[in-house]
1. Quick test of your reading of the structure: B:Leu172 fulfils all but one of (1) open to solvent by less than 20 Å² (accessible area, probe 1.4 Å); (2) at the interface with chain A (Cβ under 9 Å from one of its Cβ atoms); (3) within 16 Å of the chain's Cα centre (by Cα); (4) without any contact (Cβ under 8 Å) to a residue 60 or more places away in the chain. Name the failing condition by number.
2. Check B:Ser98, B:Ser53 and return the single one that is more than 14 Å from chain A (Cβ to nearest Cβ) and open to solvent by less than 20 Å² (accessible area, probe 1.4 Å).
3. For the stretch B:80-103, which residues satisfy the criterion of being of a type in the set (Ser, Thr, Tyr) and under 20 Å from the mean Cα position of the chain (by Cα)?
4. Residues of the stretch A:35-72 being more than 23 Å from B:Gly186 (Cα to Cα) and free of Cβ contacts under 8 Å to residues at least 40 places away in the same chain, which ones?
5. With respect to B:Ser216, is the statement that it is open to solvent by less than 50 Å² (accessible area, probe 1.4 Å) and out of contact with any strand residue (DSSP E or B) (no Cβ under 7 Å at 6 or more places or on another chain) true?
6. When you check B:Asn127 against the structure, is it more than 13 Å from chain A (Cβ to nearest Cβ), open to solvent by 10 Å² or more (accessible area, probe 1.4 Å) and polar (S, T, N, Q), yes or no?
7. Consider the stretch B:294-310. How many of its residues are buried (at least 16 other Cβ atoms within 10 Å of the Cβ) and more than 17 Å from the chain's Cα centre (by Cα)?
8. What are the residues in the stretch B:361-392 that are assigned to a helix (DSSP H, G or I) and without any contact (Cβ under 8 Å) to a residue 60 or more places away in the chain, if any?
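The values are calculated or read from the model by the stated rules, or taken from the named source; none is laboratory data. Keep in mind the model is a prediction, meaning the values are calculated, not measured. Positions of Cβ are generated from backbone atoms using ideal geometry, with glycine treated the same way; all protein chains shown enter the neighbour counts. We work out accessible area using only protein heavy atoms, side chains counted, and drop any ligands, DNA or RNA first. Shrake-Rupley method; radii C 1.70, N 1.55, O 1.52, S 1.80 Å.
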Amino acid sequence: MNYKKHPKRMIRATLLAICFAVASAHSDVVVVVSASSPVTELSKNQISKIFLGKSRRFPDGSRAVPLNQSEGNSARDAFYMQVSGKSPSQVKAHWTKLIFTGRGQPPKEAANGDAVKDLLANNGVNIGYIDQAAVDDSVKIVAIK
Amino acid sequence: MTTSNQLKATLRPLFFGTIVTASCLSGYQAAALDAINPTYSFNGFGTLGAVHSDEDQADFVSSWLLQPNGAGHTSEWHAGVDTKIGGQLDIQFNSAFSAVFQVVVQRQEDNAWTPEVEWANIKYQFNDELSLRLGRTVLPTFMVSDTRLVGYANPWIRGPQEVYQLNPLTNLDGLDLTYNIELDNGRNTLQLNLGKTTRDIIQNGEIKARKAIVISNSFEYDFATFRVLYLHAKLDLSIKESDALFDAYATIGDGLSIIPGQENSAAEAKALSSRYVIEDDSVELYSAGIKLEPGNWLLMGEWGRVSETGALAKVQGGYTTIAYRFSSLMPFLTLAEVNGDTPNEPGLSTTGMPAPLASTVNDMNQGLNLLLRQASAAQKSITAGLRWDFHPGAALKLQYQHIDMDDISTGRLGNVQPGFTPGGTANVFSTAIDFVF
């Protein structure tokens with residue numbers, strides 16, 4: 001393909017490449033619950049509301065307690081971008097607002113994906129996110145509607 | 001109303017709230033005690049700011065009632081207008097019980113950096129919808145009243161003064177009942193606040209609001225938030241200079257009433273004193289706000305109106321802010337206006353008075369008009385600013401504000417000097433680093 005002759009094609013190809021890069025970076029992170037949890041699928045909006053403190057429950061009415069990975073963790077940044085479109089500083093600003101209204105605290109933090117899995121195993125109400133590669137029998141991937 | 005009646009009236013809502021909590025707790029006690037395993041979290045916020053103003057006969061202040069001086073006349077650059085630091089302790093006792101304490105250090109009305117307890121309340125969450133807070137809570141006059149002091153949470157360095165100065169009071173001692181309904185893609189929050197508050201102001205003054213009733217409703221849907229509020233309270237306001245002025249009118253009224261032929265002036269003098277003094281006067285405030293955050297845009301607007309209360313004229317103000325977020329940079333533009341209905345007050349007529357008395361009365365009339373103008377700001381301003389989120393939890397902000405004051409107004413400036421010419425313009429440049437930790 002001659003890009004010099006077809007600058008539009010080049011732009012299209014570049015954009016496509018960027019899209020693939022972004023998509024593949026995102027698809028590494030999956031939303032998980034305890035293997036025993038009845039939750040099977042959630043919409044991005046439902047996940048976003050649970051993790052941004054706007055909802056305390058799963059759609060079936062049972063209690064939902066989100067688990068964060070600690071700040072600066074790439075899984076965390078990718079997760080929030082994927083479900084809410086918010087950058088790390090936007091997420092930080094969101095929680096700052098909520099904390100300083102005296103009406104909310106950010107989700108409990110786990111050091112990494114393994115710590116998330118440990119906590120999930122112990123508590124059916126928890127929901128977290130981990131790298132796809134770290135998924136094992138102790139957790140269940142939540143399908144995103 | 002007698003003092004003891006006033007006290008009862010103020011305590012009644014608190015008492016009612018305690019009863020509600022206590023009766024709910026009695027049923028819940030066993031479970032609550034079993035589950036108590038408190039978790040603590042501490043969060044802090046702060047602002048390091050500096051302000052420059054080119055008006056040398058008055059000061060740019062965060063509020064003319066709360067700061068005795070600032071940038072402009074006192075010093076070209078002033079670091080004490082926006083700088084502050086605050087800490088907040090949240091204690092979660094169990095899933096229903098929690099408490100919040102917030103302490104803020106900022107420059108006070110006496111120029112001292114005295115820590116003040118901004119909030120101290122306990123909260124009981126009855127269920128997902130209903131919660132009750134007792135103690136000192138935010139007085140949620142405007143949309144970002146909750147985070148008014150937390151610069152990092154706001155786009156600007158400070159809330160537009162044309163609106164946010166309509167009420168210098170920021171918290172309330174009493175109860176806060178909040179009813180929250182979650183919707184598919186939004187939520188509605190109905191809030192009732194009852195209580196009272198006292199705040200020290202410039203010149204050893206004090207402002208007191210009693211029997212405050214605040215009803216607000218906030219509706220969030222997708223990227224939009226709409227909010228309305230109504231506030232009613234009984235207000236007392238005393239400032240040394242204005243109190244002396246009202247006393248002088250009353251004294252002259254008494255003096256004139258025994259001089260034959262001066263009965264009318266006597267009545268006029270007493271009427272002036274009682275019209276402008278602020279003692280147990282009803283005050284009403286209405287506000288409405290809208291915030292839209294589609295994608296990277298932020299569009300925000302608020303309007304508020306305060307009723308006439310003694311020397312405080314009926315004032316209404318509004319602003320709109322538009323901002324766009326380019327990753328870590330967010331430029332914004334704010335247009336704001338406030339209009340006070342300054343009464344046309346000729347003061348006490350000096351006809352037939354002996355010359356020395358007439359001269360004193362003329363001075364008093366001038367003083368009264370100065371006070372009335374200060375209390376009913378009228379100005380327009382345009383602010384262009386930039387927020388740079390240079391680090392998670394820290395933002396650098398720059399903003400330039402051009403203020404155009406109405407002909408007889410001192411605008412929102414404070415510490416107004418005798419050489420000040422009303423109706424001019426002022427250019428204010430502010431910079432701040434806002435951080436949270």
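1. With (1) open to solvent by less than 20 Å² (accessible area, probe 1.4 Å); (2) at the interface with chain A (Cβ under 9 Å from one of its Cβ atoms); (3) within 16 Å of the chain's Cα centre (by Cα); (4) without any contact (Cβ under 8 Å) to a residue 60 or more places away in the chain applied to B:Leu172, the lone miss is (2).
2. Details: B:Ser98 fails: more than 14 Å from chain A (Cβ to nearest Cβ).
Step by step, each of B:Ser98, B:Ser53 is checked, and only B:Ser53 is more than 14 Å from chain A (Cβ to nearest Cβ) and open to solvent by less than 20 Å² (accessible area, probe 1.4 Å).
3. B:Thr83, the sole residue that qualifies.
4. Result: A:Pro38, A:Glu71, A:Gly72.
5. Judged against the criteria, B:Ser216 is not a match.
6. Taking the combined requirement at face value, the residue does not satisfy it.
7. 5
8. B:Asn362, B:Asp363, B:Asn365, B:Gln366, B:Asn369, B:Leu370, B:Arg373
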